[in-house]
Amino acid sequence: MRGPKARSPGRLERNDPAMYDELADQWWRPRGKFAMLHWLAAARAELVPPASRPDAVLVDLGCGAGLLAPHLAGKGYRHIGVDLSLNALRQGAEHGVQGVRADVLAVPLADGCADVVAAGEILEHVADLRGAVSEACRLLRPGGLLVIDTLAATALCRWLAIGLAERVPRMAPRGVHDPALLVDRAVLFAECARHGVVLSLRGIRPSMTDLLLWTVRRREAVRMLPVPTTAVLFQAWGRKRSR
């Protein structure tokens with residue numbers, strides 16, 4: 001018997017988590033709707049050093065289907081992924097990610113359990129930025145590393161990352177971002193500092209040369225390059241103060 005017809009992603013509200021289940025077959029397609037998430041995962045992993053001790057843990061908040069996993073291979077971490085989508089967590093498990101189904105605002109893991117907390121492309125999807133930062137910092141052990149990439153709350157970002165990117169095939173699914181949830185950099189910096197993590201920030205963007213070659217199928221991936229401005233897409237990183 002044929003089940004009920006799935007809703008079109010275009011009919012969902014902006015930032016609706018149901019989108020990820022409806023596009024579940026796209027996660028591991030290098031040229032699918034989540035292609036840019038693969039490029040961002042590679043750039044995020046470059047900020048993660050090899051583990052400094054046995055049994056090191058990396059907690060991946062909003063892990064999706066585990067796209068970070070291939071880029072952590074050989075670095076020595078137990079990779080724990082936190083996400084709300086069971087489908088995505090199942091796919092992540094196939095790539096070695098130990099899945100935890102939970103909201104990033106209430107992660108059922110112990111204080112100080114993580115050597116690294118990665119929050120990639122998740123903070124711009126939560127309604128409570130301060131709560132998400134508090135939870136990420138809670139999970140970090142003293143000396144642990146917080147790694148973030150996200151979208152800035154600026155008019156330029158709203159135009160590029162939502163107005164433009166959602167109209168370009170394979171850049172961003174339509175409706176994936178809510179402009180009201182883009183991240184205030186000053187709030188992010190202040191909240192992390194309040195929890196003992198002083199951040200460094202840098203802007204990043206796709207290599208235009210790579211993007212052109214990828215579009216005509218002459219490259220398999222696109223490098224993310226640093227840029228002077230953090231007004232659109234940016235990375236942030238810092239270590240938790242040791243007591």
| said: For the range 122-228, I need the span (max minus min coordinate) of the C-alpha atoms along each principal axis, in Å, sorted largest to smallest. | reply: 46, 29, 23
| query | For the chain, max minus min Cα coordinate along each principal axis, in Å, sorted largest first? | reply | 53, 48, 35
| message | Taking every alpha carbon pair in the range 36-91, what does the distance histogram look like in 5 angstrom bins from 0, in percent? | response | 4, 20, 29, 25, 14, 6, 1
| message | From the P(r) of the range 10-106, could you give the percentage of C-alpha pairs in the tail past 22 Å? | response | 28
| said: I'd like the distance separating the alpha-carbon centroids of the range 57-78 and the range 106-139, in whole Å. | reply: 15
| Helix-derived mean residue ellipticity, 222 nm - over the chain, DSSP H n ≥ 4, -39500 (n - 2.57), to 500 | -6500 deg cm²/dmol
| Hull surface divided by four, with the convex hull built on the Cα atoms of the range 56-156: how many nm²? | 6.7
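Laboratory data are not the source of any read-out in this text; all were calculated from the coordinates shown. This structure is a prediction, so every number in the text was calculated from the model and none was measured.
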